[in-house]
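Below: the structure, in structure tokens.
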Amino acid sequence: KQWYQRRVAITAGGSSTNQALGENSDIYIKPVACFKDPFRRGDNILVMCETLDHEGNVHPTNRRRSCANNMDKCADLHPWFGIEQEYTMFDYTGVHPYGWPVNGYPGPQGPYYCGVGSDKVKGRKIVEAHYRACMYAGIKIAGTNAEVMPSQWEYQVGPCEGIEMGDHLWASRWILQRIAEEFNVVISFDPKPIPGDWNGAGCHTNISTVAMREEGGLEAIYEAIELLGKKHMEHIVEYDPSGGEDNKRRLTGLHETASINKFNYGVAHRGASIRIPRQVAADGKGYFEDRRPSSNADPYQVTDRIIRTMCLGE
């Protein structure tokens, strides 16, 4: 705790994480956020760190610093985010979806979304344990549900303001994988883990500024969407860790997605790049949902790109 409170950088073995060469292996890690430890409990904490190279400069893998700087630039806009993290459970091999028939496939999609019953839902104990662990840790987890494909789930984190969004989502992902260890289950954040007529997995990002939350905020929402549309491909590149290649398998225009090559938006439209919730349209204020980010996206990268386009004119 004293180390976190002092925010002092310490060295770590960068060559073991492919962040440095073996002959110059030490990098620096600097604490930036902390959470209560739901596993050891008591006075123990989980510490989120950013990485610096051997000279103390921002490491190329550290997308947090740029995001934090840009969030500071538009702090007066009070940008809120809420991310819907989808994921898929696999058995211990990481190849076979958890609970699927050994030889073959489950029945077609339809009865699994928000389902109940052992013939429709697999892995609920993991989901419940993860939810409780996140609440204990102080992560702003806000909900969970079974998804369209069997053994696929979603949880929501937010609303979080500014850089807090990335910190809370990354910590929640770590906790999820740590929980799954106890059940000998592998968590996949791949955006299209099963090819064919099965839904992919996204990281839908909900966005709101103070102007959008005030009376008449719908106009500010439409203005932001127009700006995002002008930078569609720039966003696609930032919305998965492979520069858009991962999302090509998911954003096909099918399975509640828009085409990766087309930008569109609409009210209550789950096949659009941007969805405006029906209640927001009725109220004339609130937020909008960017449905393009993939499930394995870096939330720092995603929220940074949104802010740069929407608020900083980049």
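Observations on the structure shown:
- Separation of alpha-carbon centers, the stretch 64-125 and the stretch 140-214, rounded to whole Å: 5
- Taking a point 7 Å from the Cα of Asp283 along the Cα-to-Cβ direction, the residues of the stretch 204-244 with backbone N closer than 20 Å to it are 204-225.
- Once the Cβ-Cβ distance of Asn24 and Glu181 is raised to the sixth power relative to R0 = 41 Å, the FRET efficiency obtained is 0.80.
- Rolling a 1.4 Å probe across all protein chains gives Trp170 an accessible area of roughly 90 Å².
- Calculated [θ] (222 nm, deg cm²/dmol) that DSSP helices of n ≥ 4 give over the chain, each run adding -39,500 (n - 2.57): -8500 deg cm²/dmol
- Computed label-point distance, nm, for sites Leu254 and Ala268 using a 7 Å Cα→Cβ extension: 2.6
- Sites His96 and Phe39, calculated FRET efficiency, Cβ-Cβ separation with R0 22 Å, nearest 0.05: 0.20
- Measuring against 31 Å, Cα to Cα, the residue pairs Lys36/Lys192; Lys73/Lys230; Lys120/Lys285 contain Lys36/Lys192; Lys120/Lys285 as the ones spanning a longer distance.
The values are calculated or read from the model by the stated rules, or taken from the named source; none is laboratory data. Computed from a predicted structure; not experimentally measured. In this analysis, Cβ positions are derived from the backbone assuming ideal geometry, glycine residues included, and neighbour counts consider all displayed protein chains. Just so you know, the surface numbers come from the protein's heavy atoms only, side chains and all, with ligands and any DNA or RNA stripped out. Shrake-Rupley method; radii C 1.70, N 1.55, O 1.52, S 1.80 Å.
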